[in-house]
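Just so you know, all these numbers are worked out from the coordinates, no wet-lab data involved. Everything numeric in this text was worked out from a predicted model, so none of it was measured. Ideal geometry is used to build each Cβ from the backbone, glycine not excepted, and the neighbour counts take in all protein chains shown.
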């Protein structure tokens, strides 16, 4: 009886979370505008979606910022993780605490803080500020993805490579990076996924002239939900679902190894 109640409760929670998304995806194939009446199967909203200059521009901004922020955050986060790992226990614990703070802080606090920083430094908000914001909140996730692989690595491998005549740069490329590469790839995938999905921080660190998909959907929803927004939301959900499944599979493999 207890097992039945637990499974029933879990089923209700999943239904509550995913039934609206399923309805949205179904409505994206509705030929009519009304959400209360099914008027036949159609792909015209997806066709209109790819013909919209505003949506295509937002898609370009979203993908380029996600790719650039993931790339830069992965490089900086990996180097930061290597540096933190080389510290003594007490400074290392302090740095890891500072790394965890942005992850536990609400996105709205991070977004407003970055917005005030850009206003104070008189940096015009737009593409560059959004990119900097995405790099900022992605770096801690990369650090936390790389650190477990660094702890699993033989701590004397780097020193042995130096004793055998390798330069620090060569030892970094040939000894450390291959050992932590699974964590680096996981951090890069996670950063890309988080950047695609972000709304709050993007909203506070950009201007109305530079919008990614999440801020575009928010601005369009204030005017009224259009069928093309259903199609766009459906594509974003499927894309993020595939990426999250890839990240989870990668993390599971990393933990097994």
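Things to note:
- For the range 16-133: rounded, prolate or oblate by the Cα gyration tensor [a/c cutoff 1.5]: prolate
- Extension gain, residue 47-residue 26: 0.36 nm per intervening residue step, less the Cα-Cα distance, totals 6.0 nm.
- In percent, rounded to a whole number, the relative contact order of the chain is 30, using alpha-carbon pairs under 8 Å and six or more apart.
- Computed [θ] at 222 nm, helices only, for the chain once each DSSP H run of length n ≥ 4 contributes -39500 (n - 2.57): -26500 deg cm²/dmol
- Volume per residue of the convex hull around the Cα atoms, evaluated for the range 56-256, comes out as 135 Å³.
- Counted by neighbouring Cβ atoms within 10 Å, the residues 219, 233 run from fewest to most as 219, 233.
- In this label model, residue 170 and residue 119 are separated by 5.4 nm, measuring between points 7 Å along each Cα→Cβ vector.
- Length, then width, then depth: along the principal axes, the Cα atoms of the range 135-229 run 66, 22, 18 Å.
- Between 243, 162, 131, the residue with the greatest mean-square fluctuation in the GNM of the chain (Cα pairs under 10 Å linked by springs) is 162.
- When the chain is treated as a Gaussian network with alpha carbon springs shorter than 10 Å, the biggest mean-square fluctuation among 151, 226, 44 belongs to 151.
- For 199, 29, 137, order by how many other beta-carbon atoms lie within 10 Å, fewest first: 199, 29, 137
- Fluctuation leader among 211, 122, 27 - the chain, Gaussian network, Cα springs under 10 angstrom: 122
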